[in-house]
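The values are calculated or read from the model by the stated rules, or taken from the named source; none is laboratory data. The structure displayed is predicted, hence computed values, not measured ones. All Cβ positions, glycine included, derive from the backbone under ideal geometry; neighbour counts span all protein chains shown. With ligands, DNA and RNA removed, areas are computed over all heavy atoms of the protein, side chains included. Shrake-Rupley method; radii C 1.70, N 1.55, O 1.52, S 1.80 Å.
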Amino acid sequence: AMAAVAVSEAWPELELAERERRRELLLTGPGLEERVRAAGGRLPPRLFTLSLLHYLEVSGCGSLREPGPGLAQGLPQLHSLVLRRNALGPGLSPELGPLPALRVLDLSGNALEALPPGQGLGPAEPPGLPQLQSLNLSGNRLRELPADLARCAPRLQTLNLTGNCLDSFPAALFQPGALPLLSELAAADNCLRELSPDIAHLASLKTLDLSNNQLSEIPAALADCPKLKEIHFEGNKLRDKRLEKMVHGCQTKSILEYLRVGGRGGGKGRAKAEGTEKEESRKKKREKKQRKEGGEGEEKELEAAHRLLLRVLHISENPAPLVVNVHPEVRDVRPFIVGTIVRGMYLKSGNALKRFLTAQTKLHEDLCEKRTAATIATHDLKAIRGPLLYGARPPQDLKIVPLGRREIKAKDLVRQLQLEAEEQRKQKKRQNVSGLHRYLHLLDGKDNYPCLVDADGDVISFPPITNSDKTKIKKTTTDLFLEVTSATSLQMCKDIMDALILKMAEINKYTLENKEEESLSDTEADTVSGQSPDLKTNQSADKGGNSPLVVEQVRVVDMEGSLKVVYPSKTDLDIAASHVTVIR
């Protein structure tokens, strides 16, 4: 009896899930490590009695070496299995499948070296993962893929192998009809030496990313992939120098056209490719002329060319750069922060602000891994007085005015959100809660909470939960301060900042091109009545169209003033997208 009590005390989440017949379960947080270690580096067998589970996630546990036997038999209804950033490896035993209903399998960020058939993902005959659509194996140490992966998971749509040690793909993967639905294949940052022309048999392939490998050729057959829309081959040492240039600067369409007409060497092919390019440019000129005659003029053309410009303003060009000072006490809580300023956002019209906020939410879901890897906060620069201090405070000393709420202590806010979450759960009778409530577990077991404080002593951000109402983005905001914080790594912060700024540039381009109507709600119109002259000057700049987003460098320093990080540095915003130009 004592042993049974000990087990239930160690795993209260399992008790709760069983009692409330939950379909989703997330195990994470600081206490997990010891409990998994005590269970022998595996998941507790009790977990495999929760046969109603559809979604299971165990993430960030450095002592989880294998899932443990009984998973397939015990969880037959599983749709999503997320085991990322653990220590699974070097193999997977016992194997995961058969899991007849599984659609998403995420094993990224582990230490897997091989997944041999029959002792990794599941059997090939009959298919162990018959419904699997998305398989993420990125950030492992795989040296090869199982040859019968396609037989094990015949309905695969996206396969992510980025950041492994693969030097080739198994031939069976590209057999005609092997993976008829595969639309996305990512294997950047591996050691791939060649790409078989058989890749053309992937009839549904839309996106192929093989950047940063050791390829010397791209097979001409790639041009026969019927649905291919986007390819990435940057960072390979291609023998064909012209192709090498093209993969850095041209649209996918031109590269495929070049491969189609015979690519390297053959003068005939080259002449034909150049002919095609000339024809393209003639066509553009004709269209331009027609537009001009239609009374729209060349400014439109120029404007379009300037739309997705990003100009980086160096610290030395900036008379009053913003600085973030980092207090050593954040080291144990949430050590990494990157900040920057973006000027020239146009949020007044139509749904621009809504699009911007939606983009942020999407980044939080995907790249930020539901905020477990990093958290973004965006502020109206006008409402901030620098320098800023990034520190940590006990929950009872940290006061903030959260978005849309009154001033409150962090301790009370977290309690309030927990109560709301419980209430929401009871009403909806299910586990998944929405909004900020989903991120509360990220603070479990922390004695101090991280916060960003401005020169007035106001807390403007309390990651990963909320930022302050004081610096909230409005439709009239044009200049923003952005911050990304993480407990994972500095690079993670930078990657997410890159993605956010690129998204902002795209939103701005879309807004200006589609000339949406301006719409200010009454409350917002009131708040800006004091700033009208400023707004007018901004509008005129926008109407000219020729105004790139300006990204201003922000330094993060320690309390002695030594530089920890500056963003964007020369290596940041190194965006390979063909529709973006970064001026430094």
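Could you tell me which of the pairs LYS370/LYS472; LYS362/LYS564; LYS227/LYS509; LYS354/LYS475; LYS370/LYS570; LYS399/LYS426 are separated by over 18 angstrom between their Cα atoms in the structure shown?
LYS370/LYS472; LYS362/LYS564; LYS227/LYS509; LYS370/LYS570; LYS399/LYS426
Hey, what do the phi angles of segment 445-454 turn into as Karplus ³J(HN,Hα) couplings, whole Hz, using 6.51/-1.76/1.60 and θ = phi - 60°, x for Gly and Pro?
So the J values, rounded to whole Hz, are x, 8, 7, 10, 10, x, 7, 10, 10, 8.
Assuming 0.890 mPa s and 25 °C, estimate D for segment 41-164 with Stokes-Einstein, Rh taken as the Kirkwood radius over Cα pairs, in µm²/s.
Translational diffusion coefficient: 175 µm²/s.
Counting only residues 5 or more places away or on other chains, whose amide H sits under 5 Å from the amide H of PHE336 once H atoms are built in the peptide plane?
Long-range HN contacts for PHE336: SER486.
Using R₀ = 60 Å, calculate the FRET efficiency as 1/(1 + (r/R₀)^6) where r is the Cβ-Cβ separation of LEU16 and ARG242; round to 0.05.
So, using R0 = 60 Å, E works out to roughly 0.45.
log10 I(q)/I(0), Debye, Cα-only segment 12-261, no solvent, q = 0.13 Å⁻¹?
Log10 I(q)/I(0), no solvent term: -0.81.
Give me the Å³ per residue figure for the convex hull around the C-alpha atoms of segment 193-256.
Each residue corresponds to 69 Å³ of Cα convex hull volume.
Counting residues in segment 179-227 as N, plug N into 2.2 N^0.38 Å and put the Cα Rg over that result.
The value comes to 1.10.
Could you give me the ³J(HN,Hα) list for segment 414-420, computed from phi with Karplus coefficients 6.51, -1.76, 1.60 and θ = phi - 60°, whole Hz, x at Gly and Pro?
4, 4, 4, 5, 5, 5, 4
Between LEU313 and residues 5 or more places away or on another chain, which pairs have amide H atoms under 5 Å apart, with H built 1.01 Å from N, and which residues are they?
HN-HN under 5 Å from LEU313: VAL551, GLU552, GLN553.
Taking a temperature of 4 °C and a viscosity of 1.567 mPa s, what whole-number D in µm²/s does Stokes-Einstein yield for segment 90-159 with Rh from Kirkwood over alpha carbon pairs?
So the translational diffusion coefficient is about 111 µm²/s.
Per residue of segment 339-345, what does 6.51 cos²θ - 1.76 cosθ + 1.60 with θ = phi - 60° give for ³J(HN,Hα)? Whole Hz please, x for Gly and Pro, Karplus curve as stated.
Rounded to whole hertz, the list is x, 7, 10, 10, 10, x, 6.
Using DSSP to define loop residues, name the GluC sites (Glu not before Pro) in segment 174-227 whose beta-carbon has at most 16 other beta-carbon atoms within 10 Å. Before the final figure, lay out the partial values.
Numbers: sites: GLU184, GLU194, GLU217; in loops: GLU194, GLU217.
In loop regions of segment 174-227 (DSSP not H, G, I, E or B), the sparsely surrounded GluC sites (Glu not before Pro) are GLU194, GLU217.
When ranked by the protection proxy of mean other Cβ atoms within 10 Å per residue, highest first, what sequence do the peptides 560-573, 227-240 form?
Ranking, from highest mean packing down: 227-240, 560-573.
Excluding ligands and nucleic acids, what accessible area in Å² is computed for THR378 using a 1.4 Å probe, to the nearest 10?
Result for THR378: roughly 10 Å² accessible.
Collect residues whose amide H, placed 1.01 Å from N in the peptide plane, falls under 5 Å from the amide H of ARG393; neighbours closer than 5 in sequence don't count.
Amide H to amide H, under 5 Å and 5 or more residues apart or across chains, ARG393 pairs with TYR449, CYS451.
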